[in-house]
1. Mind checking which of 298, 156, 69 is farthest towards the positive end of the chain's charge dipole, using Cβ charges of +1 (Lys, Arg) and -1 (Asp, Glu) about the Cα centre?
2. With a 10 Å cut-off between alpha carbons and a GNM built on the chain, which of 187, 275, 110 moves the most?
3. State the antiparallel share, in %, of DSSP beta bridges confined to the chain, rounding to the nearest 5.
4. Can you sort 190, 79, 109 so the residue with the fewest Cβ neighbours within 10 Å comes first?
5. Mind checking which aspartates and glutamates have their C-alpha under 16 Å from residue 161, skipping anything on the same chain fewer than 8 residues away?
6. Could you put 221, 15 in order, starting from the residue whose Cβ has the fewest other Cβ atoms within 10 Å?
7. When the chain is modelled as a GNM with alpha-carbon springs shorter than 10 Å, which of 235, 35, 259 fluctuates the most?
8. Over 29 Å between C-alpha atoms is what I'm after, so list which of 265/290; 109/224; 204/296; 204/265; 120/190 land there.
Amino acid sequence: MTQDSRQQSLNRANHRQEPAPRIKQDKCTGCGLCASVCLVMEKRNKKIVITRPDLCIRCGHCGAICPSNAIVGPSVEAKRLTDRARAAAPSASSLQFLLRSRRSVRRYKNEPISQKDMDKILEAGRYTPTGTNSQGIEYIVMTDRDQIARLGKMAMPSIIKLFGMAVRVSKIPVLGDLMLGNQAAENFQKIYTPALKAIDEYTKRGDDRLFYHAPAIILVHGEKLDDMAFSCSAALFSCMLMADTLGIGCCLNGFLVLAANREPKVKKWLGIPRNHKAHAAMTLGYANVKYNHLVKRNPVRAKYL
Ligand SMILES: Cc1cc2nc3c(=O)[nH]c(=O)nc-3n(C[C@H](O)[C@H](O)[C@H](O)COP(=O)(O)O)c2cc1C
């Protein structure tokens, strides 16, 4: 990472520059609950000590658990969490239903997403866990149809070129399997490539099968780390679930992620910083389709060790 990009990411993760939580000694009862959930606090001689303030990641857990409001700081929410507030959480069965009934939606009403709904969707991603609480997830929100069409036109040729390369690699004995994995190598030849050809043909005829004439696209980007890939994808999935509750359908778009990461022109046009990667993207709009049945999926494949 260059000095510039390091500085840029420091500027972005500005909560790290905020003061670490502070213990108000007059309120602290020395119960030690904070030290039990924090890696940089200890109880010594009935007193709580912040042993390594330099390693504090501003997660706010110390203040969140303190029963006597003795811990203050920018990452700590002063308002107490009441049982009434907790009761608003979805039940296991309602969450299970939301997870099971959510479908990828590729048919959208010809209607822009209201700012109020978009705010709720983006807010849903805000509380996603991030490695070392970096909170380094960034969103690109596109709501201008002309710009979305322009992006599609720019991305399509590079997606086709990249898939062509992948197919050529997948046909090289052993190397193809090693580089792509046997399942992916087969998928490239039998599914992705013919599907992509069909998408291109439809799209050229004015039926946008890349972005489905969506009134909006959200792309999440962050630093090129594995934990950011998880954080960004998890954040976007939270956004998807929130959208579902608002009657807004979403469809993840792997093609756009590929183009944004592999085609410098697309990455630059989107304004993704050099030290960042697109980790996930989706099209979204008010759903113009209603599914009448649930779908079946493979059973859980889990190995207990
Ligand atoms: C990583 C990822 C990338 C995807 N990319 C696309 C895409 O580019 N275009 C598309 O139409 N659907 C895409 N999908 C949607 C899948 O086709 C869809 O999730 C799958 O068929 C299951 O359907 P469901 O979401 O309704 O359960 C993607 C899904 C995932 C998880």
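Throughout, read-outs are computed from the coordinates displayed, never taken from laboratory work. All of these numbers come straight from a predicted model, not from anything done at the bench. Neighbour counts are summed over all protein chains in view; Cβ atoms, including those assigned to glycine, are modelled from backbone coordinates with ideal geometry.
1. Of the candidates, 298 comes out farthest on the positive side.
2. 187
3. Around 95 percent antiparallel, to the nearest 5.
4. 79, 190, 109
5. Filter leaves 200, 201, 263.
6. 15, 221
7. Evaluated over the chain, the most mobile residue of the options is 35.
8. Numbers: 265/290 37 Å; 109/224 35 Å; 204/296 34 Å; 204/265 21 Å; 120/190 39 Å.
Violating the 29 Å Cα-Cα cut-off are 265/290; 109/224; 204/296; 120/190.
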